[in-house]
Amino acid sequence: MSDCVFTAPALSADGSTIYVGSDDHSQLYAIDAATGGHIWAFATGGYGSSSPALSADGATVYVGRTAPNG
């Protein structure tokens, strides 16, 4: 993960996972809150332009993005 983070992170209900969008290859990251370790990354297909949000049951992560060309 790069240092190109311009949005606020989201925290899972149990506090174990931090979700953050990044302009680093348009990734959405899941980070272990206790260790700071990488859990997973997902290519959004655009630049991270909004803070992640979790569904009520915590099973889905939502994030807005900007298309690569504008």
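Just so it is clear, none of the values below were taken in a lab; they were calculated from the coordinates. Keep in mind it's a predicted model, so treat the numbers as computed, not measured. Every residue, glycine among them, receives a Cβ derived from its backbone with ideal geometry; neighbour counts consider all protein chains shown.
Quick look at the values:
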{"read-out": "Placed amide H near Ile39: partners under 5 Å, 5+ positions off or other chain", "value": "Ala30, Ile31, Asp32"}
{"read-out": "For Arg65, residues with placed amide H under 5 Å, excluding near neighbours", "value": "Ser49"}
{"read-out": "Under 5 Å, built H, 5+ apart or other chain: amide partners of Thr44", "value": "Gln27, Leu28"}
{"read-out": "Estimated FRET transfer efficiency when R0 is 22 angstrom, pair Ile39-Leu11 (beta carbons, to 0.05)", "value": "0.95"}
